[in-house]
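Colleague: Provided herewith is a single structure, encoded as structure tokens, for subsequent inquiry.
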Amino acid sequence: MEKEVRDALIGRDSEQTRIREVLLRLAAGEGGAVVVEGADGVGKSALVRAVSDDARAGRLTGLDEVTVSAVVAADSERGWPFSGLHLVLSAVVGSLEPEQQRQAARLVDDLTTRLEQTASAYELAVQVQPLVSRVRRPLVIVIDDAHRLDPQSLEVLGFVARRVGTSPLVFLVVVDTAERVPPLLGLPLIRLGELPPTDATELVRRAAGSHTLHSVAARIAARVGGNPRALLDVVGRVPDVQLLGQVELDRHLPHSPVLQAQQLPELGSLDDDQRFALLVATGSEDQRMAPVLNALGSPDAPHVAWLFAEHLNRSDGTFTLQRPAVRSIIWQAATMAERDAAHQALAAAYADSDPGRQLWHLAQTRHDHDDELATRLERVAAESLVRGEVERSLAFAREAVRLTSKPGERVVRLLQAGRFAVLAGRLDEAVHIARERFRLDTTPEQRADFALLEVRARNLLDGEVATGLVSRHVEEVAPIDPTRAAALDLAAAHGLAGRMEQAEAARFLALAERFEDDFDPTTRAAHLRTAALLASVSGELDRAVELVESDSGGAADLFGEAETNLLHATVLVRAERYGQARRLLRAVTSGQFGDSPLLLRAALAGLVQLELRAGRLREAAEAAAAWDRVDADSAHRALVPAYMVRVNAYLGEDEAAWDRRRQSIEGSRRHGDSWATAVMQAETGAFLLLLGRFDEAMSVLDHARRHALEHADPSILAVEPDYIEACVRSGELGRARAALAEFELRAGRVPTAWARHTVARCRALASEGEEALTLFREAVETATDAVSPVEQARTLLCFGERLRRLGRRTDARSWLQRTVVLAQESGAIALAGRAGQELGASGGPVPPTTRLADLTDAEQRIATLVASGRRNREIAAELFVSVRTVEAHLGRIFRKLGIRSRTELTGIVVAGIDDDGGGQA
């Protein structure tokens, strides 16, 4: 791991604050001591190092020049009396002024002489005090692994540490267990435990990289526990394809000596019965108590009692491991024969209650082909899919493939496993399966099926459409099976329509239609849905909706129904049928169609776009947060963060918006996704426009607009209204009017509610004087029953701004007050802030109602401190942050609340306190 990743502190804010409070006493010439205890690898040294590094670098406000000396105790010197004291004293002497060092050196020499005369620890401690009193400059002594110091030195250290209050000296002492170091008892103590699951997950993501799926990081954290050293060691051993979610995490964690030493140090001393009991418990997939007890025999046996006492927590017929990583540790250490015995016992235990699990455990004991068992597994996999259990289906299908000896049956089972892998979001695995056609003896029809699997998987994985692959296999299979040829052409058309490449999509759709007479019901349904998708991206929205409404469904299984829902919802969103689309997507996210991570992530991505277009910003943010947590990779990896740039910007979450932009850029660059890049540019331009950086916004939006002009429907890439507004605000009225003319023509061809409303707003923006006001009055009444409330708030804001600039201050206040209400209702805090600024400039009061609640906790604390009269430097010292951080928070507070001064902020805070009697901050 990189050093900055290893040293990054997560979940230790309160501990850092406590240590900083002690260090800040140094500024007043006072000292103290803190003992930090915790298990090996929990982050004690990292915590102390981080805070002491801040002190050394002057990052603690109010504390400028601090000397930090660090020593590490060693077991090799523990038997030497007072060796640890000499180590610590050397650090103290080295920190003194040059003229003091000579005197201190003589004192140390005298002490060394007394050591040789076997003086008592108390006598030496009394002699050390004068040396401590010579410290004049702030000094921090870090003693790591202090429990390894010799006992005599610990007694002196404990004596001195209790008496440094009048000297600018702080001891930061790191031990494993304070109770084992009696001389330190009574000193201020910080106990470090393991990180909670949320923080452990964040540490995994930070260590592995931002591309790591949240759900994968959460599963690793759940298996390892919250020990930072163990987490970092394990993460470094997990392959990237697993971190990305492209390949399923191995059932067991990779071998980690760090993890074994922490969680199962007694591994080598377990007897055979204990090892078997632990293997059976950790081999259970569903963690049901009854099968495990059945597999182990007598529940009263000593090794069973040991298992439940030492390793399991029982609850309502199930169990959990006290230390989750023990599952992987014992399994990695077991022999093949030991593993087989555990699986055989579990298979027998599940025979009556769960035949599917019985077959899976039996499969684990087979290390050669077993065609009979493979046939049974294939059947169970199909049955599981009907029930919507895609992960279970995939697990059975994998084993069926592994155990199959006959080439023809193996091909059929590979194709089944490939389809299940796609549904489970294991797209790299699906591509790998599809390429087995190069190693196997296959027919043209089978090669076409493998090619179709690869085309779909690659399209979902990277947004790539393998048109060359399609054309080659269509040419091969068309003479003998035109239906398969049509399926390949339709897959290409579908993928190209998704990439907004209408011309190529239309070409492949036409190629598929050559075989229309040979369509079977499945191919006919795919043709209709592909045609609907293509019509929706080509601006033929009425036809697209008509095709969707004529689609009678008839999918083969639950997942086919879910895929139909997703496609219908995509079309309906573009047609502004938000209610219908939302119901279809919610049916997928609710689990109604099974547990496919791929389909769930696709539905959540659809909800993000839907709620953004509908102006439901909080709902869009919730969908994006859920999308982050789903364990599946997909081509939406760059699009969802791109759309969230605008959502976070409107919500007033600037840092989150920039983070999403970086996430989108990384995803689109890695996979060459030009469409996601265009969306990211459009949303970034809207963000810059909101920030008032008009020239930058105009430049970025101009790039995105070039992509938008390639499409008939201007709402597909909603950039033109932002570009026109940026031109107007930059004083480029000629460019704005030229762009408006083009926008009007395009909006006339595809007159969605969004297009009609934003065209009306842009006409008013690009006009002047009384004509502009007339046009604004028309704009605020255009398509108000169907257009997003966020777009309406933008129009109201622009109208109010124009009225104020034309001297109509009273009228302006009326429209701006309406803007504030509408923006706050839709969650567009940034727009409400801008409207508040305009209200203040027009002489109206800035409504404080509920707006303090829109600030983050940190922003509310800073707002309260500003209202109490604190200056930025004082606030920084109180909150243990830098002055620059305070200034950044104040900038966001001013934008959110629509104010320009600390006086206005104080008024809002005081008004909030008066309203609720206790304050909102």
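The values are calculated or read from the model by the stated rules, or taken from the named source; none is laboratory data. Source: prediction; values computed, not measured. Using ideal geometry, Cβ is built from the backbone for each residue, glycine included, and neighbour counts are taken over all protein chains shown. Note: areas computed on protein heavy atoms with side chains; ligands, DNA, RNA excluded. Shrake-Rupley method; radii C 1.70, N 1.55, O 1.52, S 1.80 Å.
Colleague: Rg/Rh for the stretch 722-766: what does it come to with C-alpha atoms and Rh from Kirkwood?
Modeller: The Rg/Rh ratio comes out at 0.97.
Colleague: Extending each Cα 7 Å along its Cβ direction at Gln344 and Asp250, get the distance between those two points in nm, one decimal.
Modeller: In this crude spin-label approximation the distance works out to 2.5 nm.
Colleague: Run the accessible area of the stretch 556-631 with a 1.4 Å probe and give the carbon-and-sulfur part as a rounded percent. It would help to have the intermediate numbers written out before the result.
Modeller: Numbers: 1220 of 2590 Å².
Of the solvent-accessible surface of the stretch 556-631, carbon and sulfur hold 47 percent.
Colleague: For q = 0.22 Å⁻¹, what log10 I(q)/I(0) does the stretch 223-269 give under the Debye formula with an equal point scatterer on each alpha carbon and no solvent?
Modeller: One equal scatterer on each Cα of the stretch 223-269 leads to -0.79.
Colleague: Would you kindly derive the ³J(HN,Hα) couplings of the stretch 194-208 from the backbone phi angles with the Karplus curve 6.51 cos²θ - 1.76 cosθ + 1.60 (θ = phi - 60°), listing them in order in whole Hz, with x for Gly and Pro?
Modeller: For the stretch 194-208, the Karplus curve yields 6, 5, x, x, 4, 6, 4, 5, 5, 4, 4, 5, 5, 6, 7 Hz.
Colleague: Once neighbouring chains are kept in place and the probe is 1.4 Å, which whole percent of the accessible area of the stretch 174-305 is contributed by carbon and sulfur?
Modeller: Carbon and sulfur atoms account for 53 percent of the accessible area of the stretch 174-305.
Colleague: Taking the Cα centre of the stretch 659-842 as the origin, how large is its charge dipole in debye, to the nearest 20, when only Lys and Arg (+1) and Asp and Glu (-1) carry charge on their Cβ atoms? Display every interim value, and only then the final one.
Modeller: Numbers: 26 positive and 26 negative charges, 69 e Å.
So the dipole magnitude of the stretch 659-842 works out to roughly 320 debye.
Colleague: So how exposed is Glu475, as accessible area in Å² (1.4 Å probe, rounded to 10)?
Modeller: For Glu475, solvent-accessible area is about 140 Å².
Colleague: Over all alpha-carbon pairs of the stretch 200-241, lay out the pair-distance distribution in 5 Å bins, whole %, shortest bin first.
Modeller: Taking every Cα pair in the stretch 200-241, the percentages come to 5, 29, 44, 19, 3.
Colleague: Also: For the stretch 465-554, what is the largest minus smallest coordinate of the Cα atoms on each principal axis, given in angstrom and ordered from greatest to least?
Modeller: In descending order, the Cα extents are 37, 27, 17 Å.
Colleague: Counting only other residues whose beta carbon sits under 12 Å from that of Glu65, what net charge do I get with K and R as +1, D and E as -1?
Modeller: +2
Colleague: Run a plain Debye calculation on the chain (Cα atoms as equal point scatterers, no solvent) and give log10 I(q)/I(0) at q = 0.05, 0.09 Å⁻¹, rounded to two decimals, same order as the q list.
Modeller: The calculated log intensity ratios at q = 0.05, 0.09 Å⁻¹ are -0.41, -1.10.
Colleague: Please report Rg (one decimal) and Dmax (integer) in Å for the Cα set of the stretch 556-631.
Modeller: In order Rg, Dmax, the Cα atoms of the stretch 556-631 give 11.4, 36 Å.
Colleague: For the stretch 134-264, compute Rg over Rh where Rg is the Cα radius of gyration and Rh is the Kirkwood radius from the inverse mean 1/r over Cα pairs. Let's see the in-between values first.
Modeller: Details: Rg = 20.3 Å, Rh = 17.6 Å.
Rg/Rh: 1.16.
Colleague: On the principal axes of its Cα set, how long, how wide and how thick is the stretch 140-206? Give whole Å, largest value first.
Modeller: Largest first, the stretch 140-206 extends 43, 27, 17 Å along its Cα principal axes.
Colleague: Of Leu373, Val431, Ser384, which is farthest towards the positive pole of the stretch 366-443's charge dipole, taken about the Cα centre with +1 and -1 on the beta-carbons of Lys, Arg and Asp, Glu respectively?
Modeller: Value: Val431.
Colleague: So what J values fall out for the stretch 813-829 if you push phi through Karplus, 6.51 cos²θ - 1.76 cosθ + 1.60 with θ = phi - 60°, rounded to Hz, Gly and Pro as x?
Modeller: 4, 4, 5, 5, 5, 4, 4, 4, 4, 5, 5, 5, 4, 8, x, 7, 4
Colleague: Report, to one decimal in Å, the Kirkwood hydrodynamic radius for the stretch 264-355 based on all distinct Cα pairs.
Modeller: Taking every pair of different Cα atoms in the stretch 264-355, averaging 1/r and inverting gives 13.1 Å.
Colleague: Taking the Cα atoms of the stretch 366-443, what is the range of coordinates along each of the three principal axes, in descending order and whole Å?
Modeller: Principal extents (largest minus smallest coordinate, Cα): 32, 27, 23 Å.
Colleague: For Tyr122, Tyr350, give the ranking by accessible area with the largest first, probe 1.4 Å.
Modeller: Largest accessible area first, the residues go Tyr122, Tyr350.
Colleague: According to a simple spin-label model (label point 7 Å from Cα along Cα-to-Cβ), what is the distance in nm between Asp517 and Gln592?
Modeller: Result for the modelled spin labels: 4.1 nm.
Colleague: Tell me what the chain gives for mean residue ellipticity at 222 nm when only DSSP H runs of n ≥ 4 count, each as -39,500 (n - 2.57), the sum divided by the residue total, rounded to 500 deg cm²/dmol.
Modeller: Result for the chain: -20500 deg cm²/dmol, rounded to the nearest 500.
Colleague: In what sequence, highest mean first, do 776-782, 832-838, 166-172, 726-732 appear when ranked by Cβ atoms within 10 angstrom?
Modeller: Ranked by mean Cβ neighbours within 10 Å, highest first: 832-838, 166-172, 726-732, 776-782.
Colleague: Kindly report, to the nearest 10 Å², the accessible surface of His255 as traced by a 1.4 Å probe over protein heavy atoms only.
Modeller: The accessible area of His255 comes to roughly 100 Å².
Colleague: For a quick check of understanding: with a 1.4 angstrom probe and all protein chains in place, what accessible area in square angstrom does Arg543 have, to the nearest ten?
Modeller: That residue has around 110 Å² of solvent-accessible surface.
Colleague: In what sequence, highest mean first, do 180-187, 136-143 appear when ranked by Cβ atoms within 10 angstrom?
Modeller: For the peptides 180-187, 136-143, the packing ranking is 136-143, 180-187.
Colleague: Just want the answer: with Cβ charges of +1 for Lys and Arg and -1 for Asp and Glu, which residue in Ala221, Leu511, Ser699 is farthest toward the dipole's positive end in the chain?
Modeller: The Cα lying farthest towards the positive end belongs to Ser699.
Colleague: Give me the accessible area per residue for the stretch 200-241, probe 1.4 Å, as a whole number in Å².
Modeller: It amounts to 33 Å² per residue over the stretch 200-241.
Colleague: I've got another one for you. Return the FRET efficiency for the residue pair Ser882, Asn313: r is the Cβ-Cβ distance, R0 is 45 Å, and the value is rounded to the nearest 0.05.
Modeller: 0.55
Colleague: How big is the Kirkwood radius of the stretch 646-774, worked out from every pair of different alpha carbons and given in Å to one decimal? Please report the intermediate quantities before stating the final value.
Modeller: Values: mean 1/r = 0.0665 Å⁻¹.
It is 15.0 Å.
Colleague: Sticking with this structure for a sec: Each residue of the stretch 12-24 in turn: what ³J(HN,Hα) in whole Hz from Karplus with 6.51, -1.76, 1.60 and θ = phi - 60°, glycine and Pro shown as x?
Modeller: Result, rounded to whole Hz: 10, 4, 5, 5, 4, 4, 5, 5, 4, 4, 5, 5, 5.
Colleague: Additional query: Ranked highest first by average number of other Cβ atoms within 10 Å, how do 507-518, 646-657 line up?
Modeller: Values: 507-518: 17.0, 646-657: 22.8.
Order by mean packing, descending: 646-657, 507-518.
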